[in-house]
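Reading through the structure tokens given below for one structure.
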Amino acid sequence: MRSGYFTALAVAVLLGSGMLVFAKPPAGSGSITGKVTYTGTPPKMKPIDMSKEPSCAKQHATPVMTQNVTTGPGNALQWVVVYISAGDEGSSAPSQGARYDQKGCEYLPHVLPMQVAQQLQIYNDDQTSHNIHPLSKTNPEWNKSQPPGSPPIDTKYDKAEFIPVKCNIHPWMHGYFAVLNTSHYAVSGEDGSFDIKGLPPGKYTVTAWQEQYPAQSQEVTISGSEAKTANFVFKVLPY
Amino acid sequence: MGKFFAIVLTVITLVSASIFAMHIWWMPVDISVHGPALDKQFGETLMGTGFGFLVAQLSLAYFLWKFADKGDGRKVREFPGGPKVTIITAVVLVGLEILALSFVGQKAWASVNLDPAPPNAMHIDVQAEQFAFYFRYAGPDGQFGAVHPEKISDGNGNYFGLDPENDIPARDDIVVGSLTIPVNQPILLTIHSKDVGHSFYVRELRIQQDFVPGIVIPVHFTATQTGKFEIVCTQLCGLGHYNMKAYLEVLPQDQFDQWLKAQAGQ
């Protein structure tokens with residue numbers, strides 16, 4: 001009787017752990033780090049006039065600038081999505097949702113990466129109405145109005161796509177959703193650096209996407225828990 | 001009952017007329033060269049129509065007072081010819097009034113809408129879109145770059161669809177979200193819309209002009225006072241129409257020159 005109980009328990013534990021293994025992609029400890037930079041003269045970003053929306057204008061001591069080519073010291077290029085475009089299919093969406101904010105009549109962050117089927121919450125933190133309009137082509141297109149104090153919009157995307165996002169009320173508001181088929185991605189920071197962690201051994205295609213210039217890819221092979229480096233250089237034009 | 005209605009009608013008539021006569025909720029200050037002629041015309045029209053209004057309403061009240069049914073079984077009498085003649089007389093009278101006002105008022109209207117802008121007018125290009133106005137100055141070279149609608153991109157601030165890569169005059173064009181002008185300088189706006197119908201309305205300038213998609217419409221004026229005034233869209237253009245506005249800032253010439261120089265440097 002007692003041995004039967006233990007057998008059942010052992011089977012249950014084995015089955016449980018087996019399900020865990022099958023449900024989650026194999027976790028790895030390899031990584032790809034690097035820096036995104038540019039060559040050439042980048043276009044001048046333009047100041048945005050928000051005077052028609054005083055509740056937003058007063059939140060900014062200096063004018064907000066356009067962000068289509070955001071550069072930093074050392075020719076760094078910010079807001080570049082670096083992700084595994086091949087070799088990493090099948091990772092399921094995390095339970096934690098992605099958060100997108102409309103604050104001071106800006107989209108924060110400017111580029112929001114997320115996984116296919118991951119929950120996305122869109123907040124209006126302003127004292128004015130917004131009407132968010134993601135211009136998707138592969139996924140269904142929609143736009144939704146959010147007066148001040150509205151609950152967040154809860155949504156998700158079912159297909160991978162880079163989606164420009166605009167506000168139908170404030171034409172200067174502009175951002176991107178990067179809906180990805182992988183859980184391994186990063187967005188380059190102010191210094192252009194990125195860090196993709198938790199990669200199992202394998203052969204990967206790493207792609208860097210920037211909103212204005214053509215995307216670039218590199219092949220990276222990781223064995224064991226290697227830390228590899230991949231740098232990307234975008235050729236920019238003044239106009 | 002007839003006497004009661006006569007009193008109510010008289011009170012309503014006199015109160016409505018005094019609101020205008022005493023200039024309660026009157027027009028805002030006028031800051032344009034052409035404005036006084038329009039305001040004068042407006043005043044004359046208001047006097048004419050106001051006089052007609054008073055005569056009509058007070059006669060009605062008098063007739064109500066005098067001829068209301070007192071229950072004494074008097075026979076109802078009509079004007080000779082019946083309602084037909086009355087209606088024809090009313091249509092002819094109102095038609096004549098409108099015709100007369102059009103003749104008298106066309107000079108003021110034409111000075112704004114038909115006469116071309118003076119040759120020394122400063123040219124500013126205006127693009128309206130859901131739900132903002134954008135203003136373009138020619139920059140130091142004095143030339144506007146060509147507009148390419150396919151290049152319009154709100155994301156990188158190219159609201160007019162300029163092509164600075166291939167079009168040299170476009171490189172120094174100044175694009176801003178507020179209209180800044182020098183005082184006492186004739187201004188020529190060429191207004192056009194990116195999407196739907198909008199309207200350019202500045203109360204103090206006494207100008208209201210629709211944007212019609214596909215047409216570039218000239219608007220000219222001269223501001224005579226410095227200050228900050230509101231530009232609003234007065235043509236229902238969609239969800240954010242209530243929020244479609246910009247500001248007009250009229251500066252002394254030297255301050256305007258400084259402002260323009262600072263913009264060109266950015």
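The values are calculated or read from the model by the stated rules, or taken from the named source; none is laboratory data. Bear in mind the structure is a predicted one, so any value in this text is a computation, not a measurement. Cβ atoms come from the backbone with ideal geometry, glycine included; neighbour counts cover every protein chain shown. Only protein heavy atoms, including side chains, enter the accessible area calculation; ligands, DNA and RNA are left aside. Shrake-Rupley method; radii C 1.70, N 1.55, O 1.52, S 1.80 Å.
Checking each residue in region B:5-41 for being touching a helix residue (DSSP H, G or I) at 6+ places or on another chain (Cβ under 9 Å) and within 30 Å of B:Phe67 (Cα to Cα) picks out B:Phe5, B:Ala6, B:Ile7, B:Val8, B:Leu9, B:Thr10, B:Ile12, B:Thr13, B:Leu14, B:Ser16, B:Ala17. Just one of (1) open to solvent by less than 30 Å² (accessible area, probe 1.4 Å); (2) touching a Ser or Thr at 6+ places or on another chain (Cβ under 7 Å); (3) aromatic (Phe, Trp, Tyr) fails for B:Tyr247. It is (1).
Quick one: which residue in A:Gly198, A:Gly189 is within 21 Å of the chain's Cα centre (by Cα) and at positive phi? Lay out the reasoning, then the answer.
Values: A:Gly189 fails: at positive phi.
Sole residue among the options that is within 21 Å of the chain's Cα centre (by Cα) and at positive phi: A:Gly198.
Is it the case that some residue within region A:200-214 is open to solvent by 60 Å² or more (accessible area, probe 1.4 Å), free of Cβ contacts under 8 Å to residues at least 12 places away in the same chain and out of contact with any helix residue (DSSP H, G or I) (no Cβ under 7 Å at 6 or more places or on another chain)? There is at least one residue in region A:200-214 that is open to solvent by 60 Å² or more (accessible area, probe 1.4 Å), free of Cβ contacts under 8 Å to residues at least 12 places away in the same chain and out of contact with any helix residue (DSSP H, G or I) (no Cβ under 7 Å at 6 or more places or on another chain).
Provide a single number: the residues in region B:132-153 that are at pLDDT 95 or above and basic (Lys, Arg). Residues in region B:132-153 being at pLDDT 95 or above and basic (Lys, Arg): 1 in total.
Any residue in region B:35-56 that is of a type outside the set (Lys, Arg), in the same structural domain as B:Gly105 (by TED's automatic domain parsing) and not in a helix (DSSP H, G or I)? Checked against the condition, which is being of a type outside the set (Lys, Arg), in the same structural domain as B:Gly105 (by TED's automatic domain parsing) and not in a helix (DSSP H, G or I), region B:35-56 yields no hits at all.
Quick one: in region B:218-244, of everything that is of a type in the set (A, V, I, L, M), open to solvent by less than 70 Å² (accessible area, probe 1.4 Å) and within 14 Å of chain A (Cβ to nearest Cβ), which residue is farthest from A:Ile169 (Cα to Cα)? Give the derivation first.
Within region B:218-244, the first condition is being of a type in the set (A, V, I, L, M), and the residues that meet it are B:219, B:223, B:231-232, B:236, B:239, B:244.
Okay, now just the ones that are also open to solvent by less than 70 Å² (accessible area, probe 1.4 Å), so B:219, B:223, B:231-232, B:244.
Filter again for within 14 Å of chain A (Cβ to nearest Cβ), leaving B:231-232, B:244.
Working: B:Ile231: 17, B:Val232: 15, B:Met244: 8 Å.
Step by step, filter region B:218-244, then rank; the result is B:Ile231.
Whenever a residue of region A:110-128 is within 14 Å of chain B (Cβ to nearest Cβ) and closer than 22 Å to A:Asp158 by Cβ, its partners that are open to solvent by less than 50 Å² (accessible area, probe 1.4 Å) and of a type outside the set (S, T, N, Q), lying with C-beta atoms within less than 8 angstrom and at least six residues away or across chains, give the pairs A:Val111/A:Trp79; A:Val111/A:Val81; A:Val111/A:Gly175; A:Val111/A:Tyr176; A:Val111/A:Ala178; A:Val111/A:Val187; A:Val111/A:Glu211. Of the listed requirements (1) open to solvent by less than 30 Å² (accessible area, probe 1.4 Å); (2) part of a loop (DSSP other than H, G, I, E, B); (3) touching a Ser or Thr at 6+ places or on another chain (Cβ under 6 Å); (4) not hydrophobic (A, V, I, L, M, F, W, C), A:Asn131 misses just one: (2). Within region A:157-191, if we keep just the residues that are over 24 Å from A:Gly87 (Cα atoms) and away from chain B (no Cβ under 14 Å), the residue that is least open to solvent (accessible area, probe 1.4 Å) turns out to be A:Gly189. Listed by first and then second residue, the pairs with beta-carbon distance under 8 Å, at least 6 apart or on different chains, first residue in region B:61-73 and more than 17 Å from B:Thr13 (Cβ to Cβ), second open to solvent by 90 Å² or more (accessible area, probe 1.4 Å), are B:Ala68/B:Met1; B:Ala68/B:Lys3; B:Ala68/B:Phe5.
Condition first: assigned to a strand (DSSP E or B) and open to solvent by 30 Å² or more (accessible area, probe 1.4 Å). Now tell me which residues in region A:139-154 satisfy that. Explain how you work it out, then say what you get.
Kept after step one, since they are assigned to a strand (DSSP E or B), are these residues of region A:139-154: A:144-146, A:153-154.
Scanning region A:139-154 gives A:Lys144, A:Ser145, A:Asp154.
Which fully enclosed strands (runs of 3 or more DSSP E) of region B:127-216 have 2 or more residues being touching an Asp or Glu at 6+ places or on another chain (Cβ under 8 Å)?
On the way: elements: B:132-137, B:174-176, B:179-182, B:186-193, B:198-202, B:207-211.
The strands (runs of 3 or more DSSP E) meeting that bar are B:132-137, B:179-182, B:186-193, B:198-202.
For region A:228-238, taking the residues that are in contact with a strand residue (DSSP E or B) (Cβ under 6 Å, 6 or more places away or on another chain) and exposed (fewer than 14 other Cβ atoms within 10 Å of the Cβ), the one that is farthest from the other protein chains (Cβ to nearest Cβ) is identified as A:Thr229. Here B:Ser32 passes the criteria (1) surrounded by 14 or more Cβ atoms within 10 Å (Cβ to Cβ); (2) out of contact with any strand residue (DSSP E or B) (no Cβ under 6 Å at 6 or more places or on another chain); (3) hydroxyl-bearing (Ser, Thr, Tyr) except the one numbered (2).
Listed residues B:Gly81, B:Gly2; which is modelled with pLDDT under 90, more than 37 Å from the chain's Cα centre (by Cα), at negative phi and open to solvent by less than 90 Å² (accessible area, probe 1.4 Å)?
On the way: B:Gly81 fails: at negative phi.
None of the other options fit; the residue is B:Gly2.
Scanning region A:132-175 for residues that are under 21 Å from the mean Cα position of the chain (by Cα) and among the polar types (S, T, N, Q) yields A:Ser136, A:Thr138, A:Asn139, A:Asn143, A:Thr155. The residues in region A:202-222 that are under 17 Å from A:Val80 (Cβ atoms) and β-branched (Val, Ile, Thr) can be counted, and the count is 4.
Tell me, please, whether a residue that is crowded, with 17+ Cβ neighbours inside 10 Å and within 14 Å of chain A (Cβ to nearest Cβ) can be found in region B:142-150.
Among the residues of region B:142-150, at least one is crowded, with 17+ Cβ neighbours inside 10 Å and within 14 Å of chain A (Cβ to nearest Cβ), which makes the answer yes.
Among the conditions (1) without any contact (Cβ under 8 Å) to a residue 60 or more places away in the chain; (2) out of contact with any Asp or Glu (no Cβ under 7 Å at 6 or more places or on another chain), the only one that B:His220 does not satisfy is (1). If you go through region B:83-126 and keep only what is acidic (Asp, Glu) and assigned to a helix (DSSP H, G or I), you end up with just B:Glu97.
On the given criteria, is A:Pro54 open to solvent by 20 Å² or more (accessible area, probe 1.4 Å), at pLDDT below 95 and more than 14 Å from chain B (Cβ to nearest Cβ)?
Details: open to solvent by 20 Å² or more (accessible area, probe 1.4 Å): yes; at pLDDT below 95: yes; more than 14 Å from chain B (Cβ to nearest Cβ): no.
So A:Pro54 does not fit the description; no.
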